[in-house]
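Q: Got a structure for you, questions after.
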Amino acid sequence: MRRPLVIGNWKMNGSRHSSVELAKGVASRFDAIAQEVEAVVCPPDVFLADVALALGGSAVGLGAQNVSQFESGAYTGDVSASMLAELGCSYAIVGHSERRACYGETSSQVAAKFATAQRKGLAPILCVGETLADREANKTLAVIREQISAVVETVGLGALSSAIVAYEPVWAIGTGEVASPDQAQEVLAFIRTLLGEKADETRLIYGGSVSAENAAQLFEQEDIDGALVGGASLHAEQFMAICQMAEM
Ligand code: PGA
């Protein structure tokens, strides 16, 4: 059985104080309501240590929003996988569409980040997704295939089974326009067909305007094992409501 997983991507929001308060709010509610679900929060790197402390002994996990493809050296401004692991991270998001679009990250860079993260003990959360133009041109599955293949070529199929794949249509991120459960299911089922023998073990999640209002319907779909949540993860009650729905 694949354990449901709900990940909060806080992006570049908040202050040190608000991050600690949010982490405490999540931690204090989580253990009481969600035993069967795994919850992870991904704060800005500079607050990781504070958030780790605030999460204390709770079951809520810690992840990074990005990771360097390099292990160490002269890479000004980058943060390595081992630095993130040292701060308590067990996950790292790679290939988020905002990184691909704003910083020109290519699929091969994303694949290198995936490989480095995994080598250093972080479970990668690989984000893939098409733009609205891709979807309108009927290229959704081709784009997804290219993004997944780049990683498979670098790390091999087997490496995907312990990672997470997040389907995040670019047109649904931060727009309030969530993919329909059928649209999300179609793409995630397709992704599962790309993952070979161990496909049944890999957790596949959906992201893009997930909220307490639409999460339950998404989680009913066979291939949706959880969610990557942006905006709604900035509110402890909403994030917890989504976690609770993943359990049902
Ligand atoms: P959103 O962001 O929930 O605010 O749409 C999701 C994401 O970017 O991971």
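Q: With (1) on the phi > 0 side of the Ramachandran plot; (2) crowded, with 18+ Cβ neighbours inside 10 Å; (3) away from the ligand (no atom under 16 Å from the Cβ) as the list, and N138 as the residue in question, which single condition is left unmet?
A: Tallying (1) on the phi > 0 side of the Ramachandran plot; (2) crowded, with 18+ Cβ neighbours inside 10 Å; (3) away from the ligand (no atom under 16 Å from the Cβ), N138 fails exactly one: (2).
Q: Pull out all pairs, ordered by first then second residue, where Cβ-Cβ is under 8 Å, the residues are six or more apart or on different chains, the first lies in the range 1-27 and is over 13 Å from L48 (Cα atoms), and the second is of a type outside the set (V, I, T) and open to solvent by 70 Å² or more (accessible area, probe 1.4 Å).
A: R2/D200; R2/E201; R3/E36; P4/E36; G25/E237
Q: Follow-up. Which condition breaks for T202 when tested against (1) of a type in the set (S, T, N, Q); (2) open to solvent by 40 Å² or more (accessible area, probe 1.4 Å); (3) touching a strand residue (DSSP E or B) at 6+ places or on another chain (Cβ under 8 Å)?
A: For T202, the failing item is (2).
Q: Of the residues F47, F70, which single one is in contact with a Ser or Thr (Cβ under 6 Å, 6 or more places away or on another chain) and either open to solvent by 40 Å² or more (accessible area, probe 1.4 Å) or of a type outside the set (V, I, T) (or both)?
A: Checking each option against the conditions leaves just F47.
Q: Quick check, is L218 closer than 21 Å to I93 by Cβ, more than 14 Å from the chain's Cα centre (by Cα), within 14 Å of the ligand (Cβ to nearest atom) and open to solvent by less than 30 Å² (accessible area, probe 1.4 Å)?
A: Judged against the criteria, L218 is a match.
Q: While we're looking at this one, here's another question. I'd like to check something: does the range 181-200 contain any residue that is without any contact (Cβ under 8 Å) to a residue 24 or more places away in the chain and assigned to a loop (DSSP other than H, G, I, E, B)?
A: no
Q: Go through (1) at positive phi; (2) open to solvent by less than 10 Å² (accessible area, probe 1.4 Å) for G176 and report which single condition fails.
A: (2)
Q: Taking into account only those residues within the range 105-128 that are touching a Ser or Thr at 6+ places or on another chain (Cβ under 7 Å) and not in a helix (DSSP H, G or I), which is surrounded by the most Cβ atoms within 10 Å (Cβ to Cβ)?
A: C127
Q: Within the range 151-172, does at least one residue satisfy the condition of being more than 10 Å from the ligand (Cβ to nearest atom), on the phi > 0 side of the Ramachandran plot, surrounded by fewer than 20 Cβ atoms within 10 Å (Cβ to Cβ) and assigned to a loop (DSSP other than H, G, I, E, B)?
A: yes
The values are calculated or read from the model by the stated rules, or taken from the named source; none is laboratory data. What you are looking at is a predicted structure, and each value in this text was computed from that prediction instead of being measured. Don't worry about glycine lacking a Cβ; one is built from the backbone with ideal geometry, like all the others, and counts go over all protein chains shown. Ligands, DNA and RNA are excluded from the accessible area calculation, which covers all protein heavy atoms including side chains. Shrake-Rupley method; radii C 1.70, N 1.55, O 1.52, S 1.80 Å.
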